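Colleague: Pasting a structure here, questions to come.
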Amino acid sequence: MIKYLGSKRQLIPQILQAVADASPGAKHVVDLFSGTSRVGHALKKAGYRVSSNDHNEYAYWLAKCYVETDLQKVQSEAETWIDRLNKLPGQAGYFTENFCIKSRFFHPKNGERIDAIRELLAQEHLDPNLFAVLLVSLMEAADRVDSTCGIQMSYLKSWAARAHHDLNLRLPDLTPRSIHGPSKAYCLDALEAAEKLTGDVIYLDPPYNQHNYRRNYHIWETLALWDKPETYGIATKRIDCKTHTSAFNSKTQFIHAFTQLISALKAKTLIVSFNNEGFISRTEMESLLSQKGEVSVQTIDYKRYVGAQIGIYNPSGQRVGEVSHLRNKEYLYTVNA
Ligand SMILES: C[S@@+](CC[C@H](N)C(=O)[O-])C[C@H]1O[C@@H](n2cnc3c(N)ncnc32)[C@H](O)[C@@H]1O
């Protein structure tokens, strides 16, 4: 799966355990801020029916692939397609121009192949689940040969060693359908999703600081939308990164948005991930959640994101500082109404 800030890669066992403990016999879990979809993927693999939501388009397609698409439905067709896409010759276009020449996120030899593959996918009228699998396969192949520290706000001064490798698409790890029914992906603002979606358990993993996900992953958004937008800045970001924001990324708006969200949710059990470096403290979060029911908290100590492990660099690639700490605390709140 793609490198992603705030991904719950290291916390999957604790989240699965928290769902099982808080709601024995639960059949349907809703993930309202799904990001990479690794939580929904793990839940579906564990047998739950899952509904996943995120307001960014790339995250919607990740959820459509990892949550909504059942292995049996697309496996053989997807394998044939991936074989064909891996043999397609490169053809420079928008992607190469913006992300390999104007900026240096990818080596041009891979940028050209990404251009050719994405153009072909745009021309074919594929079934949306098959399209999701192929788009995610392309996104993940591109992620394995990028030249970044894990976010697309800047690229490395010299090519990362992996950027020289050849782009190679693989079949994503799809899961069979849950015995509890079909899973589904949504692309809604969290507040709208809270009104619309309900399940036995709702899992919330909102952003915890001002760093906007569409900006951090603008290349994935462009690859998903394939709308070839005007770009700005050294990182050649999509122009709509300036206007497409989230209340959950604003220190002043967070509490209000989160309070509204909590009161709109309709489920007996809520599980919430939040970080000790987030906009609100553990005490504030506990008091907010207690309006919904009884709250218990688990503290998990884990390694900070990759940038923190590497250090602080200026735009010309010189190390200019050390990060203050290498580990974080993640709080896992359970609320039973
Ligand atoms: C901390 S990340 C979730 C990470 C995810 N659990 C994972 O393991 O990959 C928060 C997610 O919230 C999404 N998001 C931010 N504001 C949102 C909003 N207003 N409505 C829906 N999703 C939002 C972001 O796109 C981002 O993917």
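The values are calculated or read from the model by the stated rules, or taken from the named source; none is laboratory data. This is a predicted model, so every value here is computed, not measured. Quick reminder, even Gly has a Cβ in these numbers, built from the backbone with ideal geometry, and neighbours come from all protein chains shown. Just so you know, the surface numbers come from the protein's heavy atoms only, side chains and all, with ligands and any DNA or RNA stripped out. Shrake-Rupley method; radii C 1.70, N 1.55, O 1.52, S 1.80 Å.
Colleague: Does Asn275 meet the test of being in contact (Cβ under 8 Å) with a residue 60 or more places away in the chain and either within 12 Å of the ligand (Cβ to nearest atom) or out of contact with any strand residue (DSSP E or B) (no Cβ under 7 Å at 6 or more places or on another chain) (or both)?
Modeller: For Asn275, the condition - in contact (Cβ under 8 Å) with a residue 60 or more places away in the chain and either within 12 Å of the ligand (Cβ to nearest atom) or out of contact with any strand residue (DSSP E or B) (no Cβ under 7 Å at 6 or more places or on another chain) (or both) - is met.
Colleague: Right, next: Among the residues of region 157-175, is any free of Cβ contacts under 8 Å to residues at least 12 places away in the same chain and away from the ligand (no atom under 16 Å from the Cβ)?
Modeller: Quick first cut of region 157-175, residues free of Cβ contacts under 8 Å to residues at least 12 places away in the same chain only: 161.
After this cut, where a residue has to be away from the ligand (no atom under 16 Å from the Cβ) as well, the list is 161.
Yes: one or more hits.
Colleague: Cβ contacts < 8 Å: first residue surrounded by fewer than 20 Cβ atoms within 10 Å (Cβ to Cβ), restricted to region 109-121; second residue at pLDDT 95 or above and assigned to a helix (DSSP H, G or I), any location; separation 6+ or different chain. Result?
Modeller: Listed by first residue and then by second, the contacts come to Leu120/Leu85; Leu121/Phe131; Leu121/Leu134; Leu121/Leu135; Leu121/Leu138.
Colleague: For the structure I just gave you, tell me whether Phe99 is within 15 Å of the ligand (Cβ to nearest atom) and either assigned to a helix (DSSP H, G or I) or open to solvent by 10 Å² or more (accessible area, probe 1.4 Å) (or both).
Modeller: On the way: within 15 Å of the ligand (Cβ to nearest atom): no; either assigned to a helix (DSSP H, G or I) or open to solvent by 10 Å² or more (accessible area, probe 1.4 Å) (or both): yes.
In short, no.
Colleague: Among residues belonging to region 176-230 that are in a strand (DSSP E or B) and open to solvent by less than 30 Å² (accessible area, probe 1.4 Å), point out the one that is farthest from the ligand (Cβ to nearest atom).
Modeller: Looking only at region 176-230, we keep the residues that are in a strand (DSSP E or B), and these are 178, 181, 184-186, 201-204.
Still in the running and open to solvent by less than 30 Å² (accessible area, probe 1.4 Å): 178, 181, 185, 201-204.
Numbers: Ser178: 19, Gly181: 22, Ala185: 12, Val201: 14, Ile202: 13, Tyr203: 8, Leu204: 9 Å.
This residue is Gly181.
Colleague: Of the numbered conditions (1) of a type in the set (A, V, I, L, M); (2) open to solvent by 40 Å² or more (accessible area, probe 1.4 Å); (3) within 16 Å of the ligand (Cβ to nearest atom); (4) at pLDDT 95 or above, Leu71 fails exactly one; give the number of that condition.
Modeller: Just one mismatch for Leu71, condition (3).
Colleague: Could you grab me the full set of residues in region 14-36 that are open to solvent by 10 Å² or more (accessible area, probe 1.4 Å), touching a helix residue (DSSP H, G or I) at 6+ places or on another chain (Cβ under 9 Å) and more than 21 Å from Leu174 (Cβ to Cβ)?
Modeller: Listed by number, the residues that qualify are Ala26, Phe33.
Colleague: Would you tally the residues in region 142-175 being small (Gly, Ala, Ser) and not in a helix (DSSP H, G or I)?
Modeller: Start the filter on region 142-175 by keeping residues that are small (Gly, Ala, Ser), which leaves 142, 147, 150, 154, 158, 160-161, 163.
Those still in the list that are not in a helix (DSSP H, G or I) too: 147, 150, 154, 158, 160.
Count: 5.
Colleague: Scan region 267-284 and give yes if some residue there is small (Gly, Ala, Ser), in contact with an Asp or Glu (Cβ under 8 Å, 6 or more places away or on another chain) and open to solvent by less than 50 Å² (accessible area, probe 1.4 Å), otherwise no. Walk me through how you get there before you give the answer.
Modeller: So the first thing to find is which residues in region 267-284 are small (Gly, Ala, Ser), and the list is 267, 273, 278, 281.
In the following step, the residues that additionally are in contact with an Asp or Glu (Cβ under 8 Å, 6 or more places away or on another chain) were identified as 267, 273.
Remaining after also requiring open to solvent by less than 50 Å² (accessible area, probe 1.4 Å): 267, 273.
Checked against the condition, which is being small (Gly, Ala, Ser), in contact with an Asp or Glu (Cβ under 8 Å, 6 or more places away or on another chain) and open to solvent by less than 50 Å² (accessible area, probe 1.4 Å), region 267-284 yields at least one hit.
Colleague: Run Thr252 past the list (1) touching a helix residue (DSSP H, G or I) at 6+ places or on another chain (Cβ under 7 Å); (2) among the hydroxyl-bearing types (Ser, Thr, Tyr); (3) assigned to a helix (DSSP H, G or I) and report the number of the one that doesn't hold.
Modeller: (1)
Colleague: What are the pairs with Cβ atoms under 6 angstrom where one residue, in region 230-249, is on the phi > 0 side of the Ramachandran plot and the other, located anywhere, is open to solvent by less than 30 Å² (accessible area, probe 1.4 Å)? Sequence gap at least six, or different chains.
Modeller: If the second residue must be open to solvent by less than 30 Å² (accessible area, probe 1.4 Å), the pairs left are Thr236/Asn98; Thr236/Ser103.
Colleague: Considering only residues that are closer than 17 Å to Leu197 by Cβ and in contact with a Lys or Arg (Cβ under 8 Å, 6 or more places away or on another chain), look in region 36-50 and name the one that is nearest to the ligand (Cβ to nearest atom).
Modeller: So the first thing to find is which residues in region 36-50 are closer than 17 Å to Leu197 by Cβ, and the list is 37, 39-40, 43-44, 48-50.
Restricting the remaining residues to those that are in contact with a Lys or Arg (Cβ under 8 Å, 6 or more places away or on another chain) gives 39, 48-50.
Numbers: Val39: 5, Tyr48: 15, Arg49: 18, Val50: 12 Å.
Among residues in region 36-50 that are closer than 17 Å to Leu197 by Cβ and in contact with a Lys or Arg (Cβ under 8 Å, 6 or more places away or on another chain), the one nearest to the ligand (Cβ to nearest atom) is Val39.
Colleague: Exactly one of these conditions fails for Asp31: (1) at pLDDT 95 or above; (2) more than 26 Å from Cys241 (Cα to Cα). Give me its number.
Modeller: For Asp31, the exception is condition (2).
Colleague: Separate question: Looking only at region 1-34, filter to residues that are assigned to a strand (DSSP E or B) and within 13 Å of the ligand (Cβ to nearest atom); which one of those is nearest to Ile179 (Cα to Cα)?
Modeller: So in region 1-34, the residues assigned to a strand (DSSP E or B) come out as 28-31.
Right, trim to within 13 Å of the ligand (Cβ to nearest atom) and you get 29-31.
On the way: Val29: 13, Val30: 16, Asp31: 18 Å.
Taking the candidates together, the pick is Val29.
Colleague: Tell me which residues, restricted to region 37-57, are closer than 20 Å to Ile300 by Cβ and surrounded by fewer than 24 Cβ atoms within 10 Å (Cβ to Cβ). Before the answer, list the steps.
Modeller: Start the filter on region 37-57 by keeping residues that are closer than 20 Å to Ile300 by Cβ, which leaves 38-43, 46.
The answer is Arg38, Ala42, Ala46.
Colleague: Can you pull out every residue in region 255-266 that is surrounded by 16 or more Cβ atoms within 10 Å (Cβ to Cβ) and outside any helix (DSSP H, G or I)?
Modeller: Leu265
Colleague: Is there any pair linking a residue in region 51-68 that is more than 6 Å from the ligand (Cβ to nearest atom) to one that is of a type in the set (S, T, N, Q) and assigned to a helix (DSSP H, G or I), with Cβ under 7 Å and at least six apart or on different chains, and which?
Modeller: Note: pairs meeting the criteria are Lys64/Asn129; Glu68/Asn129.
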